[in-house]
Amino acid sequence: MARAVSPRRKWSFTVLAWIVALLLFFPILWTILTSFKTEGDAILFPPAFLPPHWTLENFVEVQDRSNYFKHFFNSVVISIGSTLLGLVITVPAAWSMAFSPTKRTKDILMWMLSTKMMPAVGVLVPIYLIFKSLNLLDSLFGLTIILMLINLPIMVWMLYTYFREIPVDILEASRMDGAVLWKEIVYVLLPMAIPGIASTMLLNIILAWNEAFWTLNLTAANAAPLTAFIASYSSPEGLFWAKLSAASTLAIAPILVIGWFSQKQLVRGMTFGAVK
Amino acid sequence: MMAHATRRRLPIQAVAGTVPMILVSVGVFIIGIGASVLWSFTSSKLFPAYDFVGLQQYRRLWADARWLISVNNIWIFGLLSIACNMVFGYLLAVFMDQRIRQEDTFRSIFLYPFAMSLIVTGLVWQWALDPNLGLQQTVRNWGWTDFSFAPLVDAKTAIYGLVVAGIWQGSGVTMAILLAGLRGVDAEIWKAARVDGIPTWRTHLFIVAPMMRGAFATAFVLQCVAVVRVYDLVIAMTGGGPGIATTMPAVYVIQMITVRQNVGQGMAGATMMLLPILLVLALGGILAWRRKRKGVAA
């Protein structure tokens with residue numbers, strides 16, 4: 001709705017928006033600032049907003065003590081790996097659902113999406129046993145597979161909604177001109193589908209990056225990604241706030257950067273395509 | 001949708017495209033869930049066994065105080081966080097709809113909590129609600145010395161600490177969904193309501209909000225999914241404590257399987273968690289089937 005808003009009111013709204021945004025962002029900001037404080041300054045009273053002595057020692061120590069970059073690397077491998085693997089399965093599926101739908105297509109899609117709503121504990125034990133017998137526990141490969149599996153429904157749904165926006169006439173025109181199937185896909189469909197595929201990948205990478213249920217329950221020291229690593233850091237050593245903040249900051253930094261530049265795609269993905 | 005279906009090439013290609021997807025979903029979910037439900041009727045201990053004991057595990061489950069607390073907690077957490085998220089999300093959306101400057105910046109910031117790992121969210125709020133480091137001490141330091149806000153240390157209030165984190169995490173994304181819904185409402189409605197002299201809040205409550213049913217439904221489903229799955233937030237923020245005060249069904253099942261090595265009872269808990277969703281799905285399926293039949297008859 002395009003209601004006329006007076007400039008003064010608009011200005012006061014902007015100020016209020018900044019206050020709300022700051023309140024919401026404050027916990028994140030505080031974590032980032034704390035990561036640059038010394039342990040002593042982190043629990044100082046009254047709390048110092050800006051670090052009195054800027055330091056990078058927390059980051060160094062987190063790396064030294066627990067080989068942080070190994071877990072960071074694990075996170076990168078499983079989130080990108082599961083996304084690429086997922087695309088191999090979901091692109092053909094979404095493609096055929098979008099361009100040759102049958103009576104059952106909508107039902108199948110809704111059914112797939114509904115599996116995403118199932119609580120993961122319902123399938124944990126069977127999967128744990130399968131992984132155990134295949135020697136996949138605490139392995140990057142196994143984790144990549146499972147993250148791909150749990151995000152398949154969202155991927156196929158997202159790709160489907162994007163593919164549906166591609167006018168089918170263009171594909172038919174290319175077919176009239178004698179394009180064979182693979183040419184039609186490579187030269188006509190893909191260029192138009194790239195933005196959709198890119199947003200789907202982005203969303204999936206973030207979801208896999210944040211996934212904690214499976215990573216906590218299927219990994220130990222070896223394949224643990226950042227989420228599992230940080231969770232292990234938390235309870236017994238709860239007093240090392242600066243180091244914990246440093247570990248957290250490194251874990252959320254990629255999300256903050258990606259989120260800033262791809263906010264529209266994120267909204268669309270996180271709302272299952274409900275917000276365009 | 002049907003317009004797409006008119007002309008197509010060999011359906012074999014369509015089938016070939018969907019088959020791997022369906023196989024994978026069926027393989028994992030149906031078989032996995034089926035096995036879990038099956039084991040819930042057995043006396044499985046550390047490993048699944050196949051000596052069936054009927055409903056015994058369910059009887060034990062519902063006699064377990066820990067499970068009852070979990071169920072109670074998920075109701076409190078779910079109802080409170082969903083209700084608050086809806087209210088805050090709607091207020092934020094109305095507020096963002098005023099065409100404030102740099103809307104995209106604000107949308108990014110409001111969405112950050114939702115894009116972050118719940119593990120980090122849990123840790124950050126564990127710190128913020130720590131009586132000696134966080135909010136309470138800060139406010140006391142400003143001079144309000146008997147200010148008290150440390151829900152996590154008291155077993156009675158710890159669940160509300162989780163609710164606070166849940167609201168922080170979910171209100172931004174609710175806002176984004178409701179904002180899209182709000183933008184879809186015809187501008188004429190506002191003019192008509194103003195001409196009729198209806199106060200703004202009543203226009204919102206009785207005219208605009210009901211028109212946004214779709215957006216509210218989406219937000220609601222999204223939140224329900226998050227609530228049923230809540231696990232990592234609890235692990236990072238309270239670990240289920242103090243004591244067992246903030247344990248949740250998912251946490252309970254995991255503990256049953258790992259610490260107490262009682263797969264049968266754990267699976268009974270997991271089945272109870274699946275039940276509401278299966279019921280909703282079945283209901284949806286029946287409704288769709290009836291609608292289809294009516295369509296054919298007419």
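Data for the structure
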item: Verdict on A:ALA242 being in contact (Cβ under 8 Å) with a residue 40 or more places away in the chain, more than 25 Å from A:LEU147 (Cβ to Cβ) and open to solvent by less than 10 Å² (accessible area, probe 1.4 Å); result: yes
item: Some residue of region A:105-128 being more than 9 Å from chain B (Cβ to nearest Cβ), open to solvent by 50 Å² or more (accessible area, probe 1.4 Å) and either out of contact with any strand residue (DSSP E or B) (no Cβ under 8 Å at 6 or more places or on another chain) or closer than 24 Å to A:ALA224 by Cα (or both); result: no
item: Region B:12-41 residues that are in contact (Cβ under 8 Å) with a residue 60 or more places away in the chain, paired with ones that are assigned to a helix (DSSP H, G or I) and among the hydroxyl-bearing types (Ser, Thr, Tyr) (beta carbon under 6 Å, 6 or more apart); result: B:VAL37/B:THR271; B:SER40/B:THR271
item: Condition check for A:GLY178: without any contact (Cβ under 8 Å) to a residue 60 or more places away in the chain and surrounded by 23 or more Cβ atoms within 10 Å (Cβ to Cβ); result: no
item: Leading residue by the ranking (farthest from A:VAL20 (Cα to Cα)) among those in region B:43-92 that are within 12 Å of chain A (Cβ to nearest Cβ) and of a type in the set (S, T, N, Q); result: B:SER44
item: Residues that are more than 22 Å from B:TYR231 (Cα to Cα) and crowded, with 19+ Cβ neighbours inside 10 Å, drawn from region A:141-160; result: A:MET155, A:VAL156, A:TRP157, A:MET158, A:LEU159, A:TYR160
item: Qualifying positions in region B:169-182 - open to solvent by 10 Å² or more (accessible area, probe 1.4 Å), of a type outside the set (Gly, Ala, Ser) and in contact with a Gly (Cβ under 8 Å, 6 or more places away or on another chain); result: none
item: Which listed residue, of B:LEU46, B:LEU80, is touching a residue at least 24 places away in the same chain (Cβ under 8 Å), part of a loop (DSSP other than H, G, I, E, B) and open to solvent by 30 Å² or more (accessible area, probe 1.4 Å); result: B:LEU46
item: Complete set of residues in region B:245-264 that are open to solvent by 10 Å² or more (accessible area, probe 1.4 Å) and over 24 Å from the mean Cα position of the chain (by Cα); result: B:THR258, B:VAL259, B:ARG260, B:GLN261, B:ASN262
item: Number of the condition not met by B:GLY166 [criteria: (1) open to solvent by 20 Å² or more (accessible area, probe 1.4 Å); (2) out of contact with any Gly (no Cβ under 8 Å at 6 or more places or on another chain)]; result: (1)
item: Filter pass, B:VAL185 being open to solvent by less than 20 Å² (accessible area, probe 1.4 Å) and in a loop (DSSP other than H, G, I, E, B); result: yes
item: Residue in region B:136-148 that is in contact with a helix residue (DSSP H, G or I) (Cβ under 9 Å, 6 or more places away or on another chain) and either under 29 Å from A:ALA251 (Cβ atoms) or open to solvent by less than 20 Å² (accessible area, probe 1.4 Å) (or both) present; result: no
item: Those residues of region B:96-116 which are open to solvent by 20 Å² or more (accessible area, probe 1.4 Å) and more than 7 Å from every other protein chain (Cβ to nearest Cβ), in sequence order; result: B:GLN102, B:GLU103, B:THR105
item: Residue match in region A:80-99 (condition: modelled with pLDDT of 85 or more, outside any helix (DSSP H, G or I) and not basic (Lys, Arg)); result: no
item: Restricting region B:205-242 to residues that are under 16 Å from the mean Cα position of the chain (by Cα) and among the charged types (D, E, K, R), the residue that is most open to solvent (accessible area, probe 1.4 Å); result: B:ARG229
item: Residue, most open to solvent (accessible area, probe 1.4 Å), within region A:194-223, restricted to residues that are more than 17 Å from the chain's Cα centre (by Cα) and in contact (Cβ under 8 Å) with a residue 40 or more places away in the chain; result: A:ASN222
item: Any hit, region B:141-159, residues being touching a Pro at 6+ places or on another chain (Cβ under 8 Å), under 25 Å from B:ARG229 (Cβ atoms) and of a type in the set (Gly, Ala, Ser); result: yes
item: Scan of region B:117-135 for residues that are crowded, with 24+ Cβ neighbours inside 10 Å, facing another protein chain (nearest Cβ under 8 Å) and in a loop (DSSP other than H, G, I, E, B), ordered by number; result: B:SER117
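The values are calculated or read from the model by the stated rules, or taken from the named source; none is laboratory data. Predicted model only: the values in this text are computed from it and were never measured. For neighbour counting, all protein chains shown are included, and Cβ atoms are generated from backbone atoms with ideal geometry for every residue, glycine included. Just so you know, the surface numbers come from the protein's heavy atoms only, side chains and all, with ligands and any DNA or RNA stripped out. Shrake-Rupley method; radii C 1.70, N 1.55, O 1.52, S 1.80 Å.
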